[in-house]
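The values are calculated or read from the model by the stated rules, or taken from the named source; none is laboratory data. Model, not experiment: these values are computed from the prediction. No Cβ is skipped: glycine too gets one built from the backbone with ideal geometry, and neighbour counts run over all protein chains shown.
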């Protein structure tokens, strides 16, 4: 069938759609390794913080039971934003293309969508040392306020990733991750998240048979304890992070997953193709994360 003005858009659409989604899925997703990916059917999603009760108190025989209260905390709002891009294909280009130019257009559209998703998601971590969150301090802070008084920290003393600094971080995550009541949450790091420049250093520390970075014959006691997650879109090559997926509340909401649609402008024989998606990303709790800005 020839590419007529009334049908060339329809003929190109299936091919373009296939190329769009092929390019979008060229490499495995990274953001979903550190974000809980959920669907949303509303314009916004909300989380809300409340405290639990304090520790139990000893009850005297025939004495009253101590009554406790619940403290109300902060509200976290996820506002879904729309993202889109469009390309136009002229009839003459479709007729005369000898160099697969039109095939590159939907591929570029798909890759652009993928980069947008990854960069927007990781911005939560990239901005985690500087941008205040729901509790008035950044995601990684030494002074997260607790609803029943006091503060807690998930910010590590700046240090390059090493066997020593990683062990300090693992221990700090266990002792410093507190509930709103000030109880230890028994956090247990399962992921070490690094920039690509730190990948092989991280793998050496995690997988060496003997203790990495020393001349000792000590056994590597953290071998296979954590998985290494490399995030290509981290800004700071020195920064590194620990995550406990059981506690982590970094969330990604899909309101509309990436879609591809087309239409034709009849009077000038131009076909228009657009991609569209709508999502939100953020965090509802700092617990489950420890951050080190690096040396």
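Of all the criteria given as (1) in contact with a helix residue (DSSP H, G or I) (Cβ under 9 Å, 6 or more places away or on another chain); (2) touching a residue at least 24 places away in the same chain (Cβ under 8 Å); (3) surrounded by fewer than 13 Cβ atoms within 10 Å (Cβ to Cβ); (4) closer than 30 Å to residue 27 by Cβ, the one not satisfied by residue 157 is (4). A count restricted to region 78-104 and to residues that are surrounded by 14 or more Cβ atoms within 10 Å (Cβ to Cβ), under 22 Å from residue 267 (Cβ atoms) and under 31 Å from the mean Cα position of the chain (by Cα) stands at 1. Here residue 212 passes the criteria (1) outside any strand (DSSP E or B); (2) at pLDDT 90 or above; (3) surrounded by 14 or more Cβ atoms within 10 Å (Cβ to Cβ) except the one numbered (2).
One residue alone among 169, 189 is within 22 Å of the chain's Cα centre (by Cα), assigned to a helix (DSSP H, G or I) and either under 30 Å from residue 51 (Cα atoms) or modelled with pLDDT under 95 (or both), and that residue is 169. On the stretch given as region 176-224, residues that are under 20 Å from residue 154 (Cβ atoms), in contact with a helix residue (DSSP H, G or I) (Cβ under 8 Å, 6 or more places away or on another chain) and touching a residue at least 24 places away in the same chain (Cβ under 8 Å) total 8. Does residue 142 fit the bill of being more than 19 Å from the chain's Cα centre (by Cα), buried (at least 17 other Cβ atoms within 10 Å of the Cβ), assigned to a loop (DSSP other than H, G, I, E, B) and touching a residue at least 12 places away in the same chain (Cβ under 8 Å)? For residue 142, the condition - more than 19 Å from the chain's Cα centre (by Cα), buried (at least 17 other Cβ atoms within 10 Å of the Cβ), assigned to a loop (DSSP other than H, G, I, E, B) and touching a residue at least 12 places away in the same chain (Cβ under 8 Å) - is not met. Checking the stated criteria, residue 123 turns out to be surrounded by fewer than 17 Cβ atoms within 10 Å (Cβ to Cβ), in contact with a strand residue (DSSP E or B) (Cβ under 9 Å, 6 or more places away or on another chain), farther than 14 Å from residue 238 by Cα and in contact (Cβ under 8 Å) with a residue 60 or more places away in the chain. The residues of region 171-190 that are closer than 17 Å to residue 227 by Cα and surrounded by 19 or more Cβ atoms within 10 Å (Cβ to Cβ), listed by number, are 173, 187, 189. Out of the residues in region 19-50 that are at pLDDT 95 or above, within 29 Å of residue 227 (Cα to Cα) and over 11 Å from the mean Cα position of the chain (by Cα), state the one that is surrounded by the most Cβ atoms within 10 Å (Cβ to Cβ). Restricting to residues being at pLDDT 95 or above, within 29 Å of residue 227 (Cα to Cα) and over 11 Å from the mean Cα position of the chain (by Cα), the top hit is 38.
Please verify whether region 54-77 includes one or more residues that are assigned to a loop (DSSP other than H, G, I, E, B), in contact with a strand residue (DSSP E or B) (Cβ under 7 Å, 6 or more places away or on another chain), without any contact (Cβ under 8 Å) to a residue 60 or more places away in the chain and loosely packed, with under 13 Cβ neighbours inside 10 Å. Yes, that holds for at least one residue.
Scanning region 105-133 for residues that are closer than 17 Å to residue 271 by Cα and in contact with a helix residue (DSSP H, G or I) (Cβ under 7 Å, 6 or more places away or on another chain) yields 106, 107, 109. From the list 246, 287, 274, 225, the lone residue that is modelled with pLDDT under 95 and within 19 Å of residue 33 (Cα to Cα) is 225.
Just one of 253, 241, 279 is touching a residue at least 12 places away in the same chain (Cβ under 8 Å), crowded, with 21+ Cβ neighbours inside 10 Å, within 17 Å of residue 168 (Cα to Cα) and within 22 Å of the chain's Cα centre (by Cα); which is it?
Numbers: 253 fails: within 17 Å of residue 168 (Cα to Cα); 279 fails: within 17 Å of residue 168 (Cα to Cα).
So the residue among 253, 241, 279 that is touching a residue at least 12 places away in the same chain (Cβ under 8 Å), crowded, with 21+ Cβ neighbours inside 10 Å, within 17 Å of residue 168 (Cα to Cα) and within 22 Å of the chain's Cα centre (by Cα) is 241.
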